[in-house]
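The values are calculated or read from the model by the stated rules, or taken from the named source; none is laboratory data. Quantities reported herein were computed from a predicted structural model and do not represent experimental measurements. Methodologically, a virtual Cβ is constructed for each residue, glycine included, from the backbone with ideal geometry; neighbour enumeration extends over all protein chains shown. For the accessible areas, the whole protein counts, side chains as well, though only heavy atoms, and no ligand, DNA or RNA atoms are used. Shrake-Rupley method; radii C 1.70, N 1.55, O 1.52, S 1.80 Å.
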Amino acid sequence: HICDAAIYSIENGKTHYTANQGLFELRREICNYHKRGFQMDYDPNDNVIVTVGGSEGIDIALRALIDPGDEVITMNPSYVAYTPGITLAGGVCVPVELKHEDDFKLLPEALEAAISEKTKVLLINFPSNPTGGVMSHEDYAKLVPIIRDHHLIVIASLAQFDEIKDQVIVINGFSKAFAMTGWRLGYILANPTLIQAMNKIHQYVIMSAPTAAQYGAIEGLRKGLPHVQEMVDSYRARRNFIVSGFNRIGL
């Protein structure tokens, strides 16, 4: 049904550029999605940019934030594109080693130790690629005072703490949850000042995200969530099957 919505948009002549920040209908559905699923309030006019995948979101966030020499704290291991993106923006990558014995979580003492007077940004993403590590709400809560007190800007996929909401840039996309990996569509949620700064880069480098993909994403957000749950249930069943098999053979 996502493919059909995109095809229908093309057949009906919706093949022009959209607004720089993306179709208003899509921005509204993104805000509704985060309100329903994560109890996060965002305004489609002031808090959203639709991007060419999450990768563009990370790129324009780093370029909008970093002055030459600014330090960006990342996790190690982490997604392969983070460090080059920081370097291209003129920043200095400061990796925090994630340890198996800590379940690959970012501990508050490790974050505090990595902060210096040059630290500006914390780039954190869980569930982690490639470790598979997961941070719970309680794990994140331990980091909040450090983020607040050091005035860090956080690039993440989750922002449910009101006391630091204006310091958090949420970057997400449609690739995984909606099986739209080739559509190159993502989005940014942030406070209006940061959105304006990032949109200056986005509008001159990209203009707007692909129009047909945006119409497909609207359909996905409106009608695709049951299919997302089907995928979650399928992955859970496969995981349980594998774990039970390991248990039977004593691994």
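Couple of notes before you dig in:
- Residue match in region 192-205 (condition: open to solvent by 60 Å² or more (accessible area, probe 1.4 Å), touching a residue at least 60 places away in the same chain (Cβ under 8 Å) and of a type in the set (Val, Ile, Thr)): yes
- Number of the exception - residue 181 against (1) in a loop (DSSP other than H, G, I, E, B); (2) in contact (Cβ under 8 Å) with a residue 24 or more places away in the chain; (3) surrounded by fewer than 20 Cβ atoms within 10 Å (Cβ to Cβ): (2)
- Reported count of residues in region 227-251, each being part of a helix (DSSP H, G or I) and open to solvent by 80 Å² or more (accessible area, probe 1.4 Å), is 13.
- The set of residues from region 15-35 being in a loop (DSSP other than H, G, I, E, B) and open to solvent by less than 70 Å² (accessible area, probe 1.4 Å) comprises 18, 19, 20, 21, 22, 23.
- Residue match in region 101-108 (condition: part of a loop (DSSP other than H, G, I, E, B), within 10 Å of residue 75 (Cβ to Cβ) and open to solvent by less than 20 Å² (accessible area, probe 1.4 Å)): yes
- Here residue 134 fulfils each of the conditions (1) assigned to a loop (DSSP other than H, G, I, E, B); (2) touching a residue at least 40 places away in the same chain (Cβ under 8 Å); (3) open to solvent by 20 Å² or more (accessible area, probe 1.4 Å) apart from (2).
- Of all residues making up region 5-14, the number that are outside any helix (DSSP H, G or I) and loosely packed, with under 14 Cβ neighbours inside 10 Å: 2
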